[in-house]
Amino acid sequence: MTHTNYPIADIVNELSVPKYVTIVSHRNPDGDAIGSSLAMYHMLSKFGHTVRVIWPSEYPAVFEWMPGIKDCTIYDVHTDLAKTYIEMADVIVALDFNSLERIDKMGKIIHEEDKKTIMIDHHIDPEPMAEIMMSDTAASSTCELVYKLFQGANWLKHMTVDIGECLYTGLITDTGSFRHATNPDVYKIAGALKEIGIDDYKIHDQVFDNMTEKQVRLLGHCLANRMEILPEFKTGIIALTKNDYLKFNIQRGDTEGIVNYILKIPGIRVAAFITEQPKLVKLSLRSKGDISVQQIASEYFNGGGHFNASGGHMYKPLNTVVSIFKNILPNHIK
Ligand code: 5GP
Ligand code: MN
(Lines give C-alpha, C1' and ligand atoms only; values in the text may rest on other atoms or scores of the structure.)
(Ligands and ions follow the chains in the order given, each with its own letter.)
Protein backbone atom coordinates (compact mmCIF):
# COMPACT_ATOMS: atom_id res chain seq x y z
CA MET A 1 0.00 0.00 0.00
CA THR A 2 1.18 3.55 -0.65
CA HIS A 3 2.07 5.72 2.33
CA THR A 4 3.14 9.01 0.76
CA ASN A 5 5.03 11.03 3.36
CA TYR A 6 2.33 10.62 5.97
CA PRO A 7 3.25 12.11 9.38
CA ILE A 8 2.34 8.85 11.10
CA ALA A 9 5.33 8.99 13.46
CA ASP A 10 4.25 12.48 14.61
CA ILE A 11 0.69 11.28 15.24
CA VAL A 12 1.90 8.24 17.18
CA ASN A 13 4.25 10.43 19.17
CA GLU A 14 1.49 12.91 20.01
CA LEU A 15 -0.71 10.07 21.25
CA SER A 16 1.97 8.04 23.04
CA VAL A 17 0.70 8.88 26.55
CA PRO A 18 -2.96 8.90 27.64
CA LYS A 19 -4.56 12.25 26.83
CA TYR A 20 -7.93 13.94 26.57
CA VAL A 21 -8.64 13.55 22.87
CA THR A 22 -11.59 15.24 21.19
CA ILE A 23 -12.45 14.00 17.71
CA VAL A 24 -14.36 16.40 15.48
CA SER A 25 -15.79 16.07 11.99
CA HIS A 26 -17.81 18.21 9.62
CA ARG A 27 -21.41 19.45 9.72
CA ASN A 28 -23.98 17.10 8.14
CA PRO A 29 -21.63 14.20 8.82
CA ASP A 30 -21.61 11.53 6.09
CA GLY A 31 -20.53 7.89 6.21
CA ASP A 32 -16.86 8.79 5.94
CA ALA A 33 -17.00 11.48 8.63
CA ILE A 34 -18.92 9.18 10.99
CA GLY A 35 -16.95 6.03 10.14
CA SER A 36 -13.53 7.66 10.56
CA SER A 37 -14.60 9.38 13.81
CA LEU A 38 -15.94 6.17 15.34
CA ALA A 39 -13.01 4.04 14.19
CA MET A 40 -10.60 6.50 15.81
CA TYR A 41 -12.80 6.67 18.89
CA HIS A 42 -12.71 2.90 19.40
CA MET A 43 -8.99 2.57 18.63
CA LEU A 44 -7.80 5.46 20.82
CA SER A 45 -10.04 4.35 23.70
CA LYS A 46 -8.05 1.11 23.78
CA PHE A 47 -4.87 3.04 24.59
CA GLY A 48 -6.23 4.70 27.72
CA HIS A 49 -7.10 8.05 26.19
CA THR A 50 -10.28 9.80 27.24
CA VAL A 51 -11.97 10.18 23.87
CA ARG A 52 -14.94 12.36 22.87
CA VAL A 53 -16.55 12.64 19.44
CA ILE A 54 -18.38 15.81 18.37
CA TRP A 55 -20.17 16.64 15.14
CA PRO A 56 -21.71 20.08 14.51
CA SER A 57 -25.08 18.73 13.37
CA GLU A 58 -27.19 15.55 13.43
CA TYR A 59 -26.28 12.41 11.47
CA PRO A 60 -28.61 10.60 9.00
CA ALA A 61 -30.70 7.75 10.41
CA VAL A 62 -29.10 5.18 8.08
CA PHE A 63 -25.99 5.33 10.30
CA GLU A 64 -27.91 4.70 13.54
CA TRP A 65 -26.58 1.10 13.71
CA MET A 66 -22.94 2.12 13.81
CA PRO A 67 -21.04 0.97 16.90
CA GLY A 68 -20.48 3.84 19.32
CA ILE A 69 -22.66 6.38 17.53
CA LYS A 70 -24.81 6.89 20.64
CA ASP A 71 -21.73 8.10 22.56
CA CYS A 72 -21.22 11.03 20.19
CA THR A 73 -22.22 14.60 20.96
CA ILE A 74 -24.03 16.87 18.52
CA TYR A 75 -22.97 20.51 18.98
CA ASP A 76 -26.36 21.84 17.77
CA VAL A 77 -28.17 19.72 20.38
CA HIS A 78 -25.82 19.67 23.40
CA THR A 79 -23.87 22.85 22.80
CA ASP A 80 -22.50 23.38 26.30
CA LEU A 81 -21.32 19.80 26.62
CA ALA A 82 -19.66 19.97 23.21
CA LYS A 83 -17.92 23.22 24.16
CA THR A 84 -16.64 21.62 27.37
CA TYR A 85 -15.25 18.67 25.41
CA ILE A 86 -13.39 21.03 23.09
CA GLU A 87 -12.09 23.17 25.96
CA MET A 88 -10.88 20.13 27.91
CA ALA A 89 -9.02 18.58 24.98
CA ASP A 90 -5.26 18.13 25.03
CA VAL A 91 -5.47 17.18 21.37
CA ILE A 92 -8.13 17.72 18.70
CA VAL A 93 -8.33 15.07 15.99
CA ALA A 94 -10.02 16.69 12.98
CA LEU A 95 -11.33 14.17 10.46
CA ASP A 96 -12.70 14.48 6.91
CA PHE A 97 -12.57 18.27 6.50
CA ASN A 98 -9.83 20.73 5.69
CA SER A 99 -11.02 24.16 6.77
CA LEU A 100 -12.34 25.19 10.19
CA GLU A 101 -15.25 26.89 8.43
CA ARG A 102 -16.70 23.39 7.83
CA ILE A 103 -17.37 22.90 11.56
CA ASP A 104 -19.17 26.19 12.18
CA LYS A 105 -18.75 27.70 15.64
CA MET A 106 -16.66 24.76 16.83
CA GLY A 107 -13.92 25.94 14.45
CA LYS A 108 -13.88 29.36 16.10
CA ILE A 109 -13.47 27.81 19.56
CA ILE A 110 -10.66 25.52 18.40
CA HIS A 111 -8.94 28.47 16.72
CA GLU A 112 -9.33 30.83 19.70
CA GLU A 113 -8.19 28.23 22.22
CA ASP A 114 -5.23 27.47 19.96
CA LYS A 115 -5.69 23.72 20.41
CA LYS A 116 -3.05 21.28 19.25
CA THR A 117 -4.69 19.64 16.24
CA ILE A 118 -4.09 16.52 14.16
CA MET A 119 -5.92 16.59 10.84
CA ILE A 120 -6.61 13.57 8.63
CA ASP A 121 -8.41 14.38 5.37
CA HIS A 122 -8.64 13.90 1.61
CA HIS A 123 -10.26 17.12 0.31
CA ILE A 124 -8.64 19.53 -2.18
CA ASP A 125 -6.85 22.72 -1.01
CA PRO A 126 -6.34 22.11 2.72
CA GLU A 127 -6.01 25.15 4.94
CA PRO A 128 -3.09 25.14 7.38
CA MET A 129 -5.49 24.38 10.23
CA ALA A 130 -3.42 21.80 12.14
CA GLU A 131 0.12 21.24 13.41
CA ILE A 132 0.05 17.68 12.07
CA MET A 133 -1.66 17.20 8.71
CA MET A 134 -2.18 13.79 7.11
CA SER A 135 -3.77 15.14 3.94
CA ASP A 136 -3.93 13.19 0.69
CA THR A 137 -6.34 14.06 -2.13
CA ALA A 138 -5.47 10.77 -3.86
CA ALA A 139 -7.13 8.86 -1.01
CA SER A 140 -10.67 7.64 -1.60
CA SER A 141 -11.80 8.57 1.87
CA THR A 142 -10.67 9.61 5.31
CA CYS A 143 -11.39 6.03 6.38
CA GLU A 144 -8.72 4.82 3.93
CA LEU A 145 -6.23 7.20 5.58
CA VAL A 146 -7.28 6.13 9.08
CA TYR A 147 -6.69 2.49 8.08
CA LYS A 148 -3.23 3.47 6.77
CA LEU A 149 -2.53 5.29 10.02
CA PHE A 150 -3.45 2.14 11.96
CA GLN A 151 -1.22 0.12 9.66
CA GLY A 152 1.75 2.53 9.82
CA ALA A 153 1.39 2.89 13.59
CA ASN A 154 1.35 -0.89 14.02
CA TRP A 155 -2.14 -0.68 15.54
CA LEU A 156 -3.81 -3.17 13.18
CA LYS A 157 -3.31 -5.88 15.80
CA HIS A 158 -5.94 -4.01 17.87
CA MET A 159 -8.53 -4.02 15.05
CA THR A 160 -11.99 -5.32 15.88
CA VAL A 161 -15.00 -6.10 13.70
CA ASP A 162 -16.65 -2.93 15.05
CA ILE A 163 -13.73 -0.76 13.96
CA GLY A 164 -13.61 -2.56 10.61
CA GLU A 165 -17.31 -1.92 10.00
CA CYS A 166 -16.85 1.79 10.75
CA LEU A 167 -13.98 2.03 8.26
CA TYR A 168 -15.80 0.00 5.59
CA THR A 169 -18.77 2.39 5.84
CA GLY A 170 -16.52 5.33 4.92
CA LEU A 171 -14.96 3.40 2.04
CA ILE A 172 -18.30 2.56 0.44
CA THR A 173 -20.03 5.90 1.02
CA ASP A 174 -17.17 8.01 -0.36
CA THR A 175 -16.67 5.73 -3.38
CA GLY A 176 -20.40 5.17 -4.06
CA SER A 177 -19.89 1.43 -3.51
CA PHE A 178 -16.53 1.30 -5.30
CA ARG A 179 -17.73 3.22 -8.36
CA HIS A 180 -15.57 6.34 -8.18
CA ALA A 181 -12.49 7.74 -6.41
CA THR A 182 -11.12 4.21 -6.10
CA ASN A 183 -7.49 3.10 -6.13
CA PRO A 184 -5.84 -0.31 -5.60
CA ASP A 185 -5.52 0.27 -1.86
CA VAL A 186 -9.30 0.67 -1.46
CA TYR A 187 -9.79 -2.92 -2.58
CA LYS A 188 -6.88 -4.18 -0.47
CA ILE A 189 -8.35 -2.53 2.61
CA ALA A 190 -11.86 -3.82 1.82
CA GLY A 191 -10.36 -7.31 1.45
CA ALA A 192 -8.50 -7.03 4.75
CA LEU A 193 -11.68 -5.90 6.52
CA LYS A 194 -13.69 -8.75 5.02
CA GLU A 195 -10.94 -11.07 6.22
CA ILE A 196 -11.42 -10.00 9.84
CA GLY A 197 -15.15 -10.71 9.55
CA ILE A 198 -17.05 -7.49 8.85
CA ASP A 199 -20.61 -7.98 7.63
CA ASP A 200 -20.36 -6.08 4.36
CA TYR A 201 -23.79 -7.25 3.14
CA LYS A 202 -25.40 -5.82 6.25
CA ILE A 203 -23.58 -2.52 5.84
CA HIS A 204 -24.60 -2.06 2.17
CA ASP A 205 -28.16 -2.91 3.10
CA GLN A 206 -28.27 -0.49 6.05
CA VAL A 207 -26.64 2.36 4.19
CA PHE A 208 -27.98 2.10 0.64
CA ASP A 209 -31.18 0.05 0.74
CA ASN A 210 -32.75 1.84 3.63
CA MET A 211 -35.22 4.47 2.43
CA THR A 212 -38.50 5.33 4.08
CA GLU A 213 -41.65 5.47 1.95
CA LYS A 214 -41.51 9.25 2.29
CA GLN A 215 -37.98 9.33 0.89
CA VAL A 216 -38.89 7.16 -2.09
CA ARG A 217 -41.88 9.43 -2.85
CA LEU A 218 -39.70 12.53 -2.47
CA LEU A 219 -37.22 11.02 -4.94
CA GLY A 220 -40.12 10.53 -7.37
CA HIS A 221 -41.20 14.16 -6.89
CA CYS A 222 -37.68 15.47 -7.53
CA LEU A 223 -37.28 13.45 -10.74
CA ALA A 224 -40.81 13.97 -12.09
CA ASN A 225 -41.44 17.59 -11.12
CA ARG A 226 -38.25 19.37 -10.14
CA MET A 227 -35.61 18.21 -12.62
CA GLU A 228 -34.50 20.41 -15.49
CA ILE A 229 -32.17 19.08 -18.18
CA LEU A 230 -29.99 21.48 -20.17
CA PRO A 231 -28.69 19.29 -23.01
CA GLU A 232 -26.57 22.07 -24.52
CA PHE A 233 -24.55 22.19 -21.30
CA LYS A 234 -24.76 18.44 -20.57
CA THR A 235 -26.20 19.47 -17.22
CA GLY A 236 -29.17 18.56 -15.06
CA ILE A 237 -30.54 20.58 -12.14
CA ILE A 238 -32.96 19.68 -9.37
CA ALA A 239 -34.09 22.64 -7.27
CA LEU A 240 -36.20 22.21 -4.14
CA THR A 241 -38.13 25.08 -2.59
CA LYS A 242 -38.98 25.78 1.06
CA ASN A 243 -42.49 24.69 0.14
CA ASP A 244 -41.23 21.26 -0.96
CA TYR A 245 -39.51 20.98 2.42
CA LEU A 246 -42.81 21.67 4.18
CA LYS A 247 -44.97 19.51 1.93
CA PHE A 248 -42.73 16.44 2.20
CA ASN A 249 -41.61 17.19 5.75
CA ILE A 250 -38.02 16.85 4.52
CA GLN A 251 -35.53 16.16 7.30
CA ARG A 252 -31.76 15.97 7.23
CA GLY A 253 -30.64 13.00 5.16
CA ASP A 254 -33.91 12.66 3.22
CA THR A 255 -32.34 14.12 0.08
CA GLU A 256 -29.09 12.15 0.31
CA GLY A 257 -28.03 10.68 -3.02
CA ILE A 258 -30.81 12.19 -5.15
CA VAL A 259 -28.26 14.27 -7.08
CA ASN A 260 -26.69 11.07 -8.44
CA TYR A 261 -29.84 10.11 -10.38
CA ILE A 262 -29.25 13.01 -12.78
CA LEU A 263 -25.92 11.50 -13.84
CA LYS A 264 -27.64 8.25 -14.84
CA ILE A 265 -28.74 9.97 -18.07
CA PRO A 266 -26.18 9.26 -20.80
CA GLY A 267 -24.49 12.46 -21.98
CA ILE A 268 -25.14 14.36 -18.76
CA ARG A 269 -21.80 15.38 -17.23
CA VAL A 270 -22.85 17.81 -14.48
CA ALA A 271 -25.56 17.44 -11.85
CA ALA A 272 -26.71 20.11 -9.41
CA PHE A 273 -29.03 19.61 -6.47
CA ILE A 274 -30.00 23.03 -5.17
CA THR A 275 -32.09 23.42 -2.03
CA GLU A 276 -33.69 26.33 -0.22
CA GLN A 277 -32.75 25.99 3.45
CA PRO A 278 -34.13 28.21 6.24
CA LYS A 279 -31.20 30.66 6.12
CA LEU A 280 -29.34 29.90 2.89
CA VAL A 281 -29.36 27.98 -0.35
CA LYS A 282 -27.21 24.85 -0.46
CA LEU A 283 -25.72 23.29 -3.59
CA SER A 284 -24.61 19.70 -4.08
CA LEU A 285 -22.62 19.29 -7.28
CA ARG A 286 -21.47 16.15 -9.08
CA SER A 287 -19.69 15.64 -12.39
CA LYS A 288 -18.30 12.97 -14.64
CA GLY A 289 -14.88 13.11 -16.28
CA ASP A 290 -12.73 16.21 -16.59
CA ILE A 291 -15.21 18.87 -15.43
CA SER A 292 -14.24 20.12 -11.96
CA VAL A 293 -17.24 20.91 -9.78
CA GLN A 294 -14.77 21.62 -6.98
CA GLN A 295 -13.63 24.62 -9.03
CA ILE A 296 -17.23 25.74 -9.61
CA ALA A 297 -18.11 25.35 -5.91
CA SER A 298 -15.06 27.23 -4.67
CA GLU A 299 -15.15 29.98 -7.31
CA TYR A 300 -18.83 30.89 -7.08
CA PHE A 301 -20.50 29.20 -4.14
CA ASN A 302 -18.27 29.54 -1.04
CA GLY A 303 -17.60 25.82 -1.09
CA GLY A 304 -15.28 23.09 -2.26
CA GLY A 305 -14.79 19.37 -1.90
CA HIS A 306 -13.54 17.02 -4.57
CA PHE A 307 -13.01 17.27 -8.34
CA ASN A 308 -16.20 15.30 -9.18
CA ALA A 309 -18.20 15.86 -5.96
CA SER A 310 -18.46 19.18 -4.22
CA GLY A 311 -20.82 21.45 -2.39
CA GLY A 312 -21.36 25.05 -1.46
CA HIS A 313 -23.88 27.63 -0.33
CA MET A 314 -25.12 31.15 -0.99
CA TYR A 315 -27.13 33.70 0.96
CA LYS A 316 -29.37 34.57 -2.00
CA PRO A 317 -32.89 33.56 -3.11
CA LEU A 318 -33.24 30.12 -4.69
CA ASN A 319 -34.12 31.48 -8.14
CA THR A 320 -31.10 33.74 -8.10
CA VAL A 321 -28.76 30.90 -7.18
CA VAL A 322 -30.21 28.70 -9.95
CA SER A 323 -29.74 31.57 -12.44
CA ILE A 324 -26.17 32.16 -11.32
CA PHE A 325 -25.46 28.45 -11.71
CA LYS A 326 -26.93 28.39 -15.23
CA ASN A 327 -25.00 31.50 -16.23
CA ILE A 328 -21.61 30.08 -15.31
CA LEU A 329 -22.15 26.84 -17.25
CA PRO A 330 -20.86 28.18 -20.61
CA ASN A 331 -17.51 28.96 -18.95
CA HIS A 332 -17.06 25.44 -17.65
CA ILE A 333 -18.76 23.08 -20.10
CA LYS A 334 -17.49 23.06 -23.63
P1 5GP B 1 -22.52 16.90 -0.53
O2 5GP B 1 -22.96 17.35 -1.87
O3 5GP B 1 -22.67 15.41 -0.38
O4 5GP B 1 -23.08 17.69 0.59
O5 5GP B 1 -20.96 17.17 -0.49
C6 5GP B 1 -20.10 16.67 -1.49
C7 5GP B 1 -18.69 17.04 -1.20
O8 5GP B 1 -18.52 18.45 -1.16
C9 5GP B 1 -18.20 16.54 0.16
O10 5GP B 1 -16.91 16.03 -0.01
C11 5GP B 1 -18.17 17.75 1.03
O12 5GP B 1 -17.13 17.68 1.92
C13 5GP B 1 -18.02 18.90 0.07
N14 5GP B 1 -18.82 20.04 0.52
C15 5GP B 1 -20.17 20.08 0.67
N16 5GP B 1 -20.58 21.29 1.11
C17 5GP B 1 -19.46 22.04 1.25
C18 5GP B 1 -19.21 23.39 1.68
O19 5GP B 1 -20.12 24.16 2.01
N20 5GP B 1 -17.90 23.78 1.70
C21 5GP B 1 -16.88 22.95 1.32
N22 5GP B 1 -15.61 23.43 1.36
N23 5GP B 1 -17.08 21.71 0.91
C24 5GP B 1 -18.34 21.23 0.87
MN1 MN C 1 -14.69 11.93 3.01
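Quick look at the numbers
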{"item": "Test result for Ala239, surrounded by 15 or more Cβ atoms within 10 Å (Cβ to Cβ), farther than 30 Å from Leu329 by Cα and among the small types (Gly, Ala, Ser)", "result": "no"}
{"item": "Qualifying positions in region 131-163 - surrounded by 23 or more Cβ atoms within 10 Å (Cβ to Cβ) and more than 16 Å from ligand 2 (Cβ to nearest atom)", "result": "Ile163"}
{"item": "Helices (runs of 4 or more DSSP H) wholly inside region 1-111 containing at least 2 residues that are surrounded by 19 or more Cβ atoms within 10 Å (Cβ to Cβ), within 16 Å of ligand 1 (Cβ to nearest atom) and assigned by TED's automatic domain parsing to the domain that holds Ser177", "result": "31-46"}
{"item": "All positions within region 240-262 that are out of contact with any Lys or Arg (no Cβ under 9 Å at 6 or more places or on another chain), at negative phi and touching a residue at least 12 places away in the same chain (Cβ under 8 Å)", "result": "Lys242, Tyr245, Arg252, Thr255, Glu256, Ile258, Tyr261"}
{"item": "Any hit, region 84-104, residues being among the basic types (Lys, Arg) and more than 16 Å from ligand 2 (Cβ to nearest atom)", "result": "no"}
{"item": "Number of the exception - Gly164 against (1) in contact with a Gly (Cβ under 9 Å, 6 or more places away or on another chain); (2) modelled with pLDDT of 95 or more; (3) within 14 Å of ligand 1 (Cβ to nearest atom)", "result": "(3)"}
{"item": "Strands (runs of 3 or more DSSP E) lying entirely in region 264-325 (those with 2 or more residues that are surrounded by 15 or more Cβ atoms within 10 Å (Cβ to Cβ) and polar (S, T, N, Q))", "result": "281-287"}
{"item": "Subset of region 85-105 (residues that are closer than 19 Å to Gly304 by Cα, of a type in the set (A, V, I, L, M) and touching a residue at least 40 places away in the same chain (Cβ under 8 Å))", "result": "Ala94, Leu95, Ile103"}
{"item": "Conditions (1) loosely packed, with under 15 Cβ neighbours inside 10 Å; (2) assigned by TED's automatic domain parsing to the domain that holds Val62; (3) of a type in the set (D, E, K, R); (4) touching a strand residue (DSSP E or B) at 6+ places or on another chain (Cβ under 9 Å); number of the one not met by Lys194", "result": "(4)"}
{"item": "Criterion: away from ligand 1 (no atom under 11 Å from the Cβ) and crowded, with 16+ Cβ neighbours inside 10 Å - qualifying residue of Ile124, Ile118", "result": "Ile118"}
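Residue-by-condition table, conditions (1) under 23 Å from Leu223 (Cβ atoms); (2) away from ligand 2 (no atom under 16 Å from the Cβ):
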site	(1), (2)
Lys247	yes, yes
Glu256	yes, no
Ile265	yes, yes
Val270	yes, yes
Gln277	yes, yes
Gln294	no, no
Asn308	yes, no
Pro317	no, yes
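This table checks each residue for (1) touching a residue at least 24 places away in the same chain (Cβ under 8 Å); (2) out of contact with any Asp or Glu (no Cβ under 7 Å at 6 or more places or on another chain); (3) not in a helix (DSSP H, G or I).
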| position | (1), (2), (3) |
| --- | --- |
| Asp162 | yes, yes, no |
| Leu171 | yes, no, no |
| Gly176 | yes, yes, yes |
| Arg179 | no, yes, yes |
| Thr182 | yes, yes, yes |
| Gly191 | no, yes, no |
| Lys194 | no, no, no |
| Tyr201 | no, yes, no |
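The values are calculated or read from the model by the stated rules, or taken from the named source; none is laboratory data. Since we're looking at a predicted model, the values are computed, not measured. Glycine also receives a Cβ, built like all others from the backbone with ideal geometry; neighbour counts cover every protein chain displayed.
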